[in-house]
Amino acid sequence: MTIPSAPLLNLTGIQAGYGEINVLWGVDLTLARGEITALVGSNGAGKSTLMRTLSGLIVPTAGRIDWAGEDLCGQSPAQILARGIAHVPEGRRLFSSMNVEDNLLMGAYARKEPRAAIRRDLDRVYATFPKLHERLGQAAGTLSGGEQQMCAIGRGMMSAPRLLIIDELSLGLSPLLVEQLVEALRSLNREGLSILVVEQDVITALELSTSAFVMDMGRIVQSGRSAELMHDPAIRSAYLGALAA
Amino acid sequence: MKQRVYYGALALLVLLGCLPFLDSSYALRIGTFACMYAIMSVSWTVIGGFTGYPSFATAAFFGLGAYCGGVLINKGWPLFAAAGAAGVVAFAGALALGLVLLRLRGHYFAIASLAVAEVLRELTNTATELTGGGMGLNIPVSVTGSSSVMGEASFFFWAMWALLLLTFIVVRLIQESKLGFGLVCIKQNESAADMIGVNATIYKSLAFAFSGVFVAMAGALYAAWVHYIEPPDVFDVLFAVKPIVMALLGGLGSPAGALLGAFAFLGIEEAVWRNYLQIHSGVLGLLVVVLLLFLPDGMMSISKRLSQLGGRRG
């Protein structure tokens, strides 16, 4: 029997959406400290909306986001980042005409630590993604899809987060590149970083994570240890299709 | 390369500062206008070039500054104190207005910013007791303390030139500051800027305020220089459009480019006006279109293009 880790983040009854349109209908979710957690679901399930709510880009209409005893609801993205939650958004959203190093340094924009600490974290990013060091002077918009994803994750790392949220890790990337990214995330997790990965590719997500939540129609419909969910007949038939057979 | 460009622009400014030694009132008049328009285009660079918000509010800031300065001088304030106060009013007003207007993006923001000058013009027209309304506002001729025409022309040239120097240095410092980097991030991807901790709403409002403060001060100096202002004169839509064309001509996002663009535009305008009196607006428009077609990145890209050309030949 494993001892459950202390919760890092606790969401209760989160409702949010865009103007009059409600997308999330009372989401309850708990993230364990020091784990990789996956949030899976089909297109339109509300995963990205939940992530945008978590990072302060959308203000929830109801519910509580509990982070170290503090409710994050209504806080700005800058405040949430300062609390230690970094968001690598879907589509990477890099500053395309800035070079790789400037993009990475912009990740540390809100930090008030000495330059040496930021330089140390930059070196850590380069150690995790050596490809970025080779491309440090290149405009981010000219990188390949995989390199852009590395740069986006690196930018997230530069804010020295306690929780790194990655929205659509594998979107548009080859299996080889996804494997490299998965290895990098595992290595970051071993160093103590908690990670929440949002994925449509259920196999990748469940293989990478320790625990997982399944989302559908703006609600969490299932949760548990990833290894168990991988063998759950309902999950297999709903998300793995022909592979389940 | 970047540093060389800025030292070059500063050298050009110092050279322009020698204009009064030519002892020509015509040259001084052109020089004062060149400095005034350069203040507008360099200031516009903060909101339009760095932040990527196409502001048409320059005319509003200019008119607001002209009337603030004019009214305060009439109340007995010294010229520079009145100009400073006009800058403070514009900065505070733009900051407050920016918090509301800058929630709009792209064309919506452009149109809303254009409307600011129209609203201020109507308010000025209505506040007859304070501003003189449609009758305009007279400003005392004795603000400079100089009795000669050349003395006064030199005084206003120096004042406008010094303000341009201040504007250029401040805008350059903004560009190199944390604020400047934040603004560039907002221009490239506003939601990503939000995610890395840039408070986009505050930053955009600050950029809007900085795009207005020196323009308002220039407006106050202009009011004292011409001694008489009226709403259609100082809230003229051309004060909103010309700085944008100048910044585009010089190179979008570069204070040095905006400075060069302003001087080049006024030089071309003067030459065209002299040679094609009847059709000067048409010829000027055509020239600007042709220049922008062949130099879409402005004059600042000329050296880059020449080196590329040299590289291809080599």
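Points to keep in mind about this one:
- Any hit, the stretch A:39-55, residues being in contact with a Gly (Cβ under 7 Å, 6 or more places away or on another chain), under 24 Å from A:ARG186 (Cα atoms) and buried (at least 17 other Cβ atoms within 10 Å of the Cβ): yes
- Of all residue pairs spaced 6 or more apart or on separate chains, those with beta-carbon atoms under 6 Å, a first member in the stretch A:68-96 that is within 7 Å of another protein chain (Cβ to nearest Cβ) and over 15 Å from A:TYR109 (Cβ atoms) and a second member that is surrounded by fewer than 16 Cβ atoms within 10 Å (Cβ to Cβ) and modelled with pLDDT of 90 or more are A:SER96/A:GLY141.
- Within the stretch B:139-189, if we keep just the residues that are in contact with a Gly (Cβ under 9 Å, 6 or more places away or on another chain) and aromatic (Phe, Trp, Tyr), the residue that is surrounded by the fewest Cβ atoms within 10 Å (Cβ to Cβ) turns out to be B:TRP158.
- The stretch A:97-143, residues that are among the small types (Gly, Ala, Ser), touching a strand residue (DSSP E or B) at 6+ places or on another chain (Cβ under 9 Å) and within 12 Å of chain B (Cβ to nearest Cβ): A:SER97, A:GLY107, A:ALA139, A:ALA140
- Of residues in the stretch A:150-162 being touching a residue at least 60 places away in the same chain (Cβ under 8 Å) and either under 20 Å from A:PRO175 (Cβ atoms) or among the aromatic types (Phe, Trp, Tyr) (or both), the one farthest from the other protein chains (Cβ to nearest Cβ): A:ILE153
- For the stretch B:270-298, a residue qualifies if it is more than 18 Å from B:LYS242 (Cβ to Cβ) and assigned to a helix (DSSP H, G or I), and the qualifying residues are B:ARG274, B:ASN275, B:LEU293, B:PHE294.
- The single condition from (1) within 20 Å of the chain's Cα centre (by Cα); (2) in a loop (DSSP other than H, G, I, E, B) that A:LEU136 fails is (1).
- The condition of being aromatic (Phe, Trp, Tyr) and touching a Leu at 6+ places or on another chain (Cβ under 8 Å) does not hold for B:PHE294.
- Considering the stretch A:33-46, and only residues there that are modelled with pLDDT of 90 or more and part of a strand (DSSP E or B), the residue that is farthest from the chain's Cα centre (by Cα) turns out to be A:VAL40.
- Counted residues, the stretch B:58-73 - those being closer than 13 Å to B:ASP236 by Cβ, of a type in the set (Gly, Ala, Ser) and in contact with a Ser or Thr (Cβ under 9 Å, 6 or more places away or on another chain): 2
- Residue in the stretch A:106-115 that is of a type outside the set (Val, Ile, Thr), surrounded by fewer than 16 Cβ atoms within 10 Å (Cβ to Cβ) and in a helix (DSSP H, G or I) present: yes
- Helices (runs of 4 or more DSSP H) contained in the stretch B:168-226 and holding at least 1 residues away from chain A (no Cβ under 14 Å) and within 29 Å of B:GLY70 (Cα to Cα): B:200-226
The values are calculated or read from the model by the stated rules, or taken from the named source; none is laboratory data. Just so it is clear, the model here is predicted, and its values are computed rather than measured. A quick note on method: Cβ atoms are made from the backbone with ideal geometry, for glycine too, and the neighbour counts reach across all protein chains shown.
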